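The values are calculated or read from the model by the stated rules, or taken from the named source; none is laboratory data. Just so you know, these numbers come straight off a predicted model, no measurement behind them. All Cβ positions, glycine included, derive from the backbone under ideal geometry; neighbour counts span all protein chains shown. Remember, those area values only see protein heavy atoms, side chains included, never the ligands or the DNA or RNA. Shrake-Rupley method; radii C 1.70, N 1.55, O 1.52, S 1.80 Å.
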Amino acid sequence: MAKYKNKPPLSQRFSHLRQTYWRQLSILLILAIIVSLFFPGGKSLLYSYQLNDITPDPIISPFNFPILKTETELQLDLDDALKSVPFIFTRTHEVVDKQIGAVETFIQIVKDIRQAQSKFSASKDALYRNRFTTLFDSVRTVVQSDSASVAVLMNNLYLNAPFALGNENWNRVINPDLAQTDTLDLDQLEADIIQICRNRWAEGIYDINLSAIISSEVAVSINAEDAPELTDPGTYNDLQQAWTRAKVEVTALFENEQDFRRELGYGMVVKFMEPNLIYDKETTERRQNARQDRVPLNRGIVLKNERIVDRNTRITEDVLQKLNSLSLAVDKRERTQSGKVLALSYLGRLMVIGVIISFFFTFLVSYRTNVFNDWKMIFLISLIFVVEVALAYLFAIRLELSEYLIPITVGALVLTIMFDARIGFMGTTSIVLMVGLLIGNNVEFIVTSLFTSSVGIYSVRNIRTRSQLFTAIFALLLASGTIVLGHGLFKGHEWNAMGMDMIYLTVISILAPIVTYGFIGLLEISFGVTTNLTLIELLDFQHPLLKRLQQEANGTFNHSIVVGNLAEACADAIGANSLLCRVGAYYHDVGKMVRPEYFIENQYAGENKHDKLTPVMSAKIIKNHVTEGLSLAKEYGLPAIVSDFIPMHHGTSKVEYFYRVAKAEAGTQKVEARAFTYPGPKPNSKETGILMLCEAIEAAVRSLKTPDIFEIVAMIDKIIDKRITAGQLSNCPLTLDELSKIKGSIDGTSGLIPVLRGIYHIRIEYPEDNEGKHVAPNN
């Protein structure tokens with residue numbers, strides 16, 4: 001019991017929790033409240049079933065309620081209501097009189113032009129004959145006058161009948177000098193065309209397309225006082241049909257195919273024959289709306305205590321519609337209940353949603369404490385939850401679309417890439433449970449969404465290339481086909497229904513990775529999260545900072561690449577983030593390129609700059625590569641998760657060589673250790689701890705003149721022990737077992753030893769015992 005004596009009381013611990021995590025707790029409370037607003041009342045969920053579900057208990061009607069029509073039934077009734085309202089048209093004679101007058105005016109203009117053209121031609125001939133006489137000037141004045149008259153009449157023609165502009169046949173008509181026009185009887189052509197138009201007007205021409213008339217009858221009236229005539233819509237023609245009939249008459253009238261009057265006549269018909277049955281759109285639509293308003297929404301009633309369905313019975317479409325109607329009736333009744341009942345119902349709903357949300361966030365508290373400690377990450381995850389539930393409400397409830405169009409997979413992929421696969425799976429499970437409850441306890445949807453999302457999570461769990469996002473499309477398509485077929489065979493779905501489900505899931509399978517790719521970039525910028533996609537970009541040797549390091553401190557660059565290989569192998573050995581380790585290794589020593597000549601890997605001429613400096617000054621220059629590296633990281637916009645490797649790869653260790661030199665020179669005098677100590681901080685993650693070890697081990701092994709495997713093993717043990725003894729790994733979650741795996745074994749394929757063995761091309765030669773047998777060292 002002694003160990004519990006100093007434990008703070010429960011109230012004090014709750015107070016500390018509230019003060020530390022008040023932002024996170026506030027966000028979760030707001031999340032539960034917002035999500036609960038999308039949910040229906042609890043009682044209506046009692047009657048939420050899917051087609052072909054099996055009822056565990058009989059369902060009895062608690063009160064009288066109407067059976068609502070299905071969407072298809074209601075739409076058919078509304079369509080029938082529209083068809084029952086005749087489209088209203090008014091036959092107008094004004095159009096006929098106006099267009100006949102237009103034909104007559106056009107023909108008269110043509111006649112005038114022909115006469116003016118003849119007069120103009122005669123005056124030109126007279127001008128030519130009198131070109132050498134005293135009458136030339138007076139005749140020229142007449143020619144100019146006749147020319148102006150022709151121009152005025154031609155302009156009038158084109159204003160009234162632009163179809164004649166540039167038409168070869170009409171040019172022949174208005175110019176009497178051209179052949180075969182002197183016999184054209186314009187009066188007869190006028191009479192013929194007017195008669196053809198009258199025939200069509202007598203039949204009646206709609207001013208809308210016949211296909212637009214959806215009523216079974218049309219009402220045509222001559223004026224407001226007379227009763228309209230009801231008849232079949234096909235009794236009259238639309239303009240296209242009237243043109244077709246008119247062309248048949250024109251063709252019959254001018255039988256010779258070469259007769260240019262065919263084209264002249266049909267051109268006039270198209271120009272002057274306008275509809276004479278005018279659609280009264282306003283009155284028709286008003287009557288249609290009134291008729292649709294009278295269409296009943298119900299198709300019967302279920303009485304109180306009436307059995308809707310027995311236990312262990314398959315839900316049919318008819319029963320499902322009754323249950324849906326009952327759910328709506330229950331919702332409507334709940335909204336009219338007293339405030340106390342509504343408050344208690346809402347409280348229960350809030351508690352259920354809170355429990356579902358707690359599944360995931362309890363996991364964060366237990367296994368991803370670093371994520372839960374960052375309130376911004378809690379806000380990001382909560383935002384994803386709200387968006388998914390809101391889209392589910394919009395698609396499945398408001399728009400009544402298929403539940404398989406809800407983009408659950410997008411949320412799963414985003415959570416996985418932004419954090420990790422475990423967070424992605426647990427978060428998706430909570431989202432799917434909430435959405436499944438929202439849309440009516442849909443177990444089929446829950447199973448399908450969990451399965452497809454799990455496949456998506458598996459596809460991108462260790463994303464190393466952007467193309468993995470798009471190869472996930474094929475995995476999702478295969479998963480969708482498998483689960484749809486399984487549900488269909490198990491529950492006896494129709495093939496058509498299975499096909500529609502597959503179409504919806506195909507759309508989501510294709511769009512989910514694409515949408516995820518776009519969202520990741522936006523969320524990275526907004527919340528300062530660094531995903532593997534960004535880390536992949538930082539591996540590019542064309543990155544400006546890496547390119548500069550390669551040019552200005554090539555030795556350090558090569559050292560960083562080797563350390564990156566070591567760190568990645570170590571991370572793979574213990575299941576840490578190997579990609580992050582490699583990226584951190586590439587950038588951990590970028591500060592050295594400020595003064596590259598002061599670091600041994602960049603000294604090629606044999607001259608050592610430190611020979612002319614005091615140990616304190618040399619240590620200062622060496623230490624400064626940390627602060628200068630952080631400055632460069634900030635300048636080039638490196639993510640914090642990467643720039644953390646710069647100060648942590650040395651932690652608070654000392655610049656050992658110059659510290660020992662200073663102590664030797666000082667003799668009995670005291671040496672200020674702080675002048676030789678790196679500023680830190682110590683590594684605080686497995687990845688930064690791995691880099692600290694790999695960086696020190698690579699430099700130490702490189703210093704060996706003729707390294708063999710046993711020297712390397714001893715050097716690794718020495719450096720690891722030294723870092724542990726100095727407390728440099730005290731803030732790092734690496735365990736002794738993981739340190740053993742990081743070291744690796746001589747005969748192994750993972751960890752430091754196999755990689756170093758490959759780098760230095762070391763052949764393993766075991767020492768022999770007294771009997772001549774090889775003895776492998778203990779690792």
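In the range 485-614, the alpha-carbon atoms span a convex hull of 184 Å³ per residue.
The 1.4 Å probe gives accessible areas that order W375, W495, W22, largest first, as W495, W22, W375. For the range 420-520, trypsin sites (Lys or Arg not before Pro) are listed when DSSP marks them as loop and at most 16 other Cβ atoms sit within 10 Å of their Cβ; the list is R461, R464, R466.
Couplings 3J(HN,Hα) of the range 495-511, computed from phi: 5, 5, 5, 5, x, 5, 4, 5, 4, 4, 5, 5, 4, 5, 4, 7, 7 Hz, in residue order, whole Hz [Karplus 6.51 cos²θ - 1.76 cosθ + 1.60, θ = phi - 60°; x for Gly and Pro].
Lys/Arg Cβ at +1, Asp/Glu Cβ at -1, dipole of the range 218-269 taken about the Cα centre: which of T231, Q241, S221 is farthest positive-ward? Highest projection toward the positive end goes to Q241. Spin-label pair Y517-I214: with each label point 7 Å from Cα along the Cα-Cβ axis, the two points sit 4.1 nm from one another.
Can you tell me how much longer the chain between E203 and V616 gets when fully stretched, taken as 0.36 nm per residue apart minus their C-alpha distance, in nm with one decimal?
Details: separation 413, 0.36 × 413 = 148.68 nm, distance 11.11 nm.
That pair, E203 and V616, stretches by 137.6 nm at full extension.
Relative to the longest principal axis of the Cα atoms of the chain, helix 71-84 runs at roughly 20 degrees. Rounded to the nearest whole Hz, the Karplus-based 3J(HN,Hα) values (6.51 cos²θ - 1.76 cosθ + 1.60, θ = phi - 60°) of the range 615-631 follow the sequence x, 5, 5, 4, 4, 4, 5, 4, 5, 5, 5, 6, 5, 5, x, 5, 5, with x at glycine and proline.
Can you tell me the orientation of helix 93-129 relative to the chain, as the angle in degrees between its alpha-carbon axis and the longest Cα principal axis, to the nearest 10? The two axes meet at around 80 degrees. The calculated FRET efficiency for K98 paired with W495, based on their beta-carbon distance and R0 = 51 Å, is about 0.25. List, in the order given, every pair from K98/K119; K686/K718; K83/K304; K592/K722; K682/K718; K592/K654 whose Cα-Cα distance in the structure shown is over 28 Å. Beyond 28 Å: K98/K119; K83/K304.
Database remark: amide H of S215 closer than 5 angstrom to the amide H of F87 (H placed geometrically; neighbours at sequence offset of 5 or more, or on other chains; Pro and chain starts carry no H). Cα gyration tensor of the chain, axes a ≥ b ≥ c as square roots of the eigenvalues: rounded (a/c below 1.5), prolate (a/b > b/c) or oblate? Oblate.
Checking every one of the trypsin sites (Lys or Arg not before Pro) in the range 612-672 against DSSP loop status and a limit of 14 other Cβ atoms within 10 Å picks out K670. In order along the range 383-390, the phi-based Karplus estimate (6.51 cos²θ - 1.76 cosθ + 1.60, θ = phi - 60°) of 3J(HN,Hα) comes to 4, 5, 4, 4, 4, 5, 5, 5 Hz; Gly and Pro are listed as x.
Of interest is the spacing of the C-alpha centroids, which for the range 526-572 and the range 384-413 amounts to 39 Å.
Among 197-206, 61-70, how do they line up by average Cβ neighbours within 10 Å per residue, starting with the highest?
Going by the mean number of other Cβ atoms within 10 Å, highest first, we get 197-206, 61-70.
Rounded, prolate or oblate: pick one for the range 654-706, where a ≥ b ≥ c are the square roots of the eigenvalues of its C-alpha gyration tensor, a/c under 1.5 means rounded, and failing that, prolate if a/b is larger than b/c, else oblate. Note, shape of the range 654-706 comes out oblate. With the simple model of a label 7 Å out from the Cα in the direction of the Cβ, L159 to R398 spans 5.7 nm.
With the simple model of a label 7 Å out from the Cα in the direction of the Cβ, T283 to F470 spans 6.1 nm. A straight Cα-to-Cα reach below 18 Å connects K612 with the lysines K620, K623, K663, residues fewer than 8 places away in its own chain not being considered. How far is helix 656-666 tilted off the main Cα axis of the chain, in degrees rounded to 10, range 0 to 90? Once rounded, one gets 40 degrees. Given R0 = 56 Å, the distance between the Cβ atoms of F527 and D232 translates into a calculated FRET efficiency of 0.25. Close amide H contacts of T231 (hydrogens built in the peptide plane, cut-off under 5 Å, sequence separation of 5 or more or a different chain): V218, V220.
Calculated accessible area for the chain comes out at 53 Å² per residue, all protein chains present (probe 1.4 Å; ligands, DNA, RNA ignored). Helix-only estimate, please: 222 nm mean residue ellipticity of the chain, summing -39500 (n - 2.57) across DSSP H runs of length 4 or more and dividing by its residues, to the nearest 500. Helices in the chain give a 222 nm mean residue ellipticity of -20500 deg cm²/dmol. Placing M617, M418, M154 in order of accessible area, with the largest value first and a 1.4 Å probe, yields M617, M154, M418.
Structural descriptor for the chain: relative contact order 13 percent, calculated from alpha carbon pairs under 8 angstrom and at least 6 residues apart.
Taking every protein chain into account, the 1.4 Å probe leaves E282 with about 140 Å² of accessible area, to the nearest ten.
Under 5 Å from the amide H of I67 lie the amide H atoms of R299, G300, I301, V302, each residue being 5 or more positions distant or on a separate chain, with H modelled from the backbone and absent for Pro and chain starts.
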